[in-house]
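Report on the following structure.
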Amino acid sequence: MYRSRKLKEIPQELRPREKLRTLGVDALSDEELIAIILGFGTKKDDVLSLSRKIVRLGWERLKDMSVDEIIKEIEGIGEAKACQIKAIFELSRRIYEPYSHVVINTPQDVYKFLKDKMDNRREHLWALYLSPSNTLISYETVAIGRMNSVFADPKDVLYGAVKSACHSIILAHSHPMGQPKPSKADLEFTKRIKDACQLLGFELLDHVIVTTSSYFSMKEGGLL
């Protein structure tokens, strides 16, 4: 049986924090990374020994466990460290699913999401890619134009739809210095996108025009 070394038995320069500082984060094992996050162990286990217990449970099992279940499963661990473990998983989820909390149900939701992303010098065209429950999967700035115009092809919008495997799409573009009123070109472009979406099996939910203080929904306006 091979014995794992305790933290105090490891040379100072090879302990997790020192390794990270000198060799970089890629050089650390899972248990060493957990040890750095936890900081301290318990009365029974030093931080590295405790981290080994955590890693042995497996990430798939750990991510679905409650705080109480973690306390019960890992001997000696308390509420504070169990909460730290849950926080690690939640942060990881948010990093890889940054928009999982964003749900777009109305044109006002679109406006709230985009109003801080506007550029007062140039028009922007955005595409929001949604799940069947209208949760935002991703969004892209499809094109950046001039003060009063922006151009894009349907393929520029649909590339992101295919890549994200979304269910539906909402288009939005800005009128930096104007009113949120669609032009003839806006209406023609929207029709082209709608036709292209139908061919590929996506639903175009809306095309929203945003300004610094208001918005116009083609869906609400009966233009889509």
Item to check | Carbon/sulfur fraction of accessible area - region 73-167, other protein chains in place, 1.4 Å, % | outcome: 52 percent
Next on the checklist: Keeping every protein chain present and rolling a 1.4 Å probe, give me the accessible area per residue for the chain in Å².
Outcome noted: 60 Å²
Next on the checklist: What does the charge count around GLU97 come to, taking other residues whose C-beta lies under 14 Å from its C-beta (Lys +1, Arg +1, Asp -1, Glu -1)?
Outcome noted: +2
Checklist outcome for this item: Placing +1 on each Lys and Arg Cβ and -1 on each Asp and Glu Cβ in the chain, then taking the dipole about the Cα centre, the residue among ALA35, ILE54, LEU14 whose Cα reaches farthest towards the positive end is LEU14
Checklist entry - What nm value, rounded to one decimal, do you get for the distance between ILE144 and PHE40 when each label is placed 7 Å out toward the C-beta? => result 4.8 nm
Item to check | Restricting region 45-94 to GluC sites (Glu not before Pro) in coil, as DSSP defines it, with at most 16 other Cβ within 10 Å | outcome: GLU75
Checklist entry - Amide H neighbours of GLY41 under 5 Å, counting only residues 5+ apart in sequence or on other chains, H built in-plane at 1.01 Å? => result VAL47
Next on the checklist: I'd like the distance separating the alpha-carbon centroids of region 148-168 and region 16-36, in whole Å.
Outcome noted: 41 Å
Next on the checklist: Can you order the peptides 19-30, 102-113, 120-131 by their average number of other Cβ atoms within 10 Å per residue, highest first?
Outcome noted: 120-131, 102-113, 19-30
Next on the checklist: Apply the Karplus curve 6.51 cos²θ - 1.76 cosθ + 1.60, θ = phi - 60°, to the phi angles in region 170-179 and return the couplings in whole Hz, x for Gly and Pro.
Outcome noted: 10, 8, 8, 9, 9, 10, x, 10, x, 8
Checklist outcome for this item: Plugging the Cβ-Cβ distance of LEU20 and TYR159 into 1/(1 + (r/R0)^6) at R0 = 30 Å yields, to the nearest 0.05, a FRET efficiency of 0.20
Next on the checklist: Distance cut-off 24 Å, Cα to Cα: go down the list LYS63/LYS115; LYS44/LYS86; LYS112/LYS184 and report the pairs above it.
Outcome noted: LYS63/LYS115; LYS112/LYS184
Checklist entry - Between region 104-137 and region 182-214, what's the alpha-carbon centroid distance in Å? => result 13 Å
Checklist entry - Which whole-Hz ³J(HN,Hα) couplings does region 116-124 yield from phi under the Karplus relation 6.51 cos²θ - 1.76 cosθ + 1.60, θ = phi - 60°, glycine and proline marked x? => result 7, 9, 6, 10, 5, 9, 9, 6, 10
Item to check | Whichever lysines have a C-alpha closer than 24 Å to that of LYS19, once near sequence neighbours (fewer than 8 apart) are set aside | outcome: LYS6, LYS8, LYS53, LYS81
Next on the checklist: Please enumerate, by chain and number, the aspartates and glutamates with C-alpha under 15 Å from the C-alpha of LYS194, excluding those fewer than 8 residues away in the same chain.
Outcome noted: ASP153, ASP156, ASP186, GLU203, ASP206
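The values are calculated or read from the model by the stated rules, or taken from the named source; none is laboratory data. Everything numeric here is computed off the predicted structure, so don't read it as measured data. Heads up, the Cβs are rebuilt from the backbone with ideal geometry, glycines too, and the neighbour counts pull from every protein chain shown. With ligands, DNA and RNA removed, areas are computed over all heavy atoms of the protein, side chains included. Shrake-Rupley method; radii C 1.70, N 1.55, O 1.52, S 1.80 Å.
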